[in-house]
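A.B. asks: My questions will all concern the structure given below.
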Amino acid sequence: MDVYKETGHADVAAVAARLVVEDGLEYGAAKRRAVKQLGLNARAALPDNAVLEAAVRDYIAVFCPESQAQELRVLRQLALLWMDRLVAFRPHLGGAVWQGTATRHSDIYLRLYCDDPKAAEFALLDHRVEYHPGTVDSGRGEPVPTLTLRVRCEPLGQWVLVHLMVHDLDELRGALKPDAQGRKPRGDAVAVRALLAAPEATPWA
């Protein structure tokens, strides 16, 4: 019998969820490592991101609901600080910090929508902000030019990576298109403030 059939998506998702929450791995890397840890065929089918996201939320609810909520709030506050600093570039928060599954191990992902793709970089240079240029997967398999900052987060007592993904202004039109479940994949500063003002750190706008 196929070992993967015996193990199933649920086991892979459960192990991957722990890696996401405890080690800060991205979904793709977490699924691949989970398959390796479970001794499965590297080419085995993997649970989709919706299944893994549900497993991550379950893991948080069982093992670290209070600490995760506090860490999420701190990361959203830090994200908002940089959104205010970069307001000229129409920043939108995405990733785990927006979705509500972030922990102290998570990076912050801000998408900037610029008339001039070099404008954000020039602004960082003008303010003597150190950054590392590179690319990040857009989520559709396409690389997006990205400026990565290493930012000190005193409430967490550690450094946090802030990835500024630079998009053309024309791409803003589809930035808030809901996903298959009707949820916005990212939000602007107004939306982030609304999350922070809510009685509890709600996951999605």
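The values are calculated or read from the model by the stated rules, or taken from the named source; none is laboratory data. This is a predicted model, so every value here is computed, not measured. Cβ: placed from backbone, ideal geometry, glycine included. Neighbour counts: every protein chain shown.
A.B. asks: Within the stretch 42-96, track down each residue that is in a helix (DSSP H, G or I), basic (Lys, Arg) and outside the structural domain of GLY157 (by TED's automatic domain parsing).
C.D. replies: Passing the criteria: only ARG57.
A.B. asks: Let me ask you something else. Based on what the data block shows, is ASP168 touching a Cys at 6+ places or on another chain (Cβ under 8 Å) and either farther than 30 Å from PHE63 by Cβ or free of Cβ contacts under 8 Å to residues at least 60 places away in the same chain (or both)?
C.D. replies: Here the answer is yes, as ASP168 does meet what is asked.
A.B. asks: Please enumerate the residues belonging to the stretch 160-178 that are surrounded by 11 or more Cβ atoms within 10 Å (Cβ to Cβ) and of a type outside the set (Val, Ile, Thr).
C.D. replies: Those that are surrounded by 11 or more Cβ atoms within 10 Å (Cβ to Cβ) and of a type outside the set (Val, Ile, Thr): LEU161, HIS163, LEU164, MET165, HIS167, ASP168, LEU169, GLU171, LEU172, ALA175, LEU176.
A.B. asks: Looking at ALA30, ALA50, which one is under 24 Å from ASP137 (Cβ atoms), out of contact with any strand residue (DSSP E or B) (no Cβ under 6 Å at 6 or more places or on another chain) and at pLDDT 95 or above?
C.D. replies: Just one listed residue meets the conditions, ALA30.
A.B. asks: If you scan the stretch 17-41, which residues turn out to be part of a helix (DSSP H, G or I) and without any contact (Cβ under 8 Å) to a residue 40 or more places away in the chain? Can you show your working first?
C.D. replies: Initially, the stretch 17-41 is screened for residues part of a helix (DSSP H, G or I), giving 17-23, 27-37.
If the condition is that a residue be part of a helix (DSSP H, G or I) and without any contact (Cβ under 8 Å) to a residue 40 or more places away in the chain, then LEU19, TYR27, GLY28, ALA29, ALA30, LYS31, ARG32, ARG33, ALA34, VAL35, LYS36, GLN37 are the ones that fit.
A.B. asks: So which residues in the stretch 139-159 are in contact with a strand residue (DSSP E or B) (Cβ under 7 Å, 6 or more places away or on another chain), over 16 Å from HIS105 (Cα atoms) and loosely packed, with under 14 Cβ neighbours inside 10 Å?
C.D. replies: Correct list: PRO143 only.
Results for (1) more than 16 Å from the chain's Cα centre (by Cα); (2) closer than 27 Å to VAL21 by Cβ, shown as yes or no for each residue.
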| residue | (1), (2) |
| --- | --- |
| LEU112 | no, no |
| ALA119 | yes, no |
| ASP126 | yes, no |
| GLY139 | no, yes |
| THR146 | no, yes |
| ARG152 | yes, yes |
| MET165 | no, yes |
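A.B. asks: Let me ask something else. What's the number of the condition LEU78 fails, among (1) within 30 Å of ALA120 (Cα to Cα); (2) surrounded by fewer than 19 Cβ atoms within 10 Å (Cβ to Cβ); (3) not basic (Lys, Arg)?
C.D. replies: (2)
A.B. asks: Can you go through VAL62, VAL12 and tell me which one is surrounded by 16 or more Cβ atoms within 10 Å (Cβ to Cβ) and either farther than 30 Å from ALA123 by Cβ or among the aliphatic types (A, V, I, L, M) (or both)?
C.D. replies: None of the other options fit; the residue is VAL12.
A.B. asks: Kindly provide the set of residues from the stretch 97-143 that are part of a strand (DSSP E or B), modelled with pLDDT of 95 or more and among the hydrophobic types (A, V, I, L, M, F, W, C), ordered by number.
C.D. replies: Correct list: ILE108, LEU110, LEU112, CYS114.
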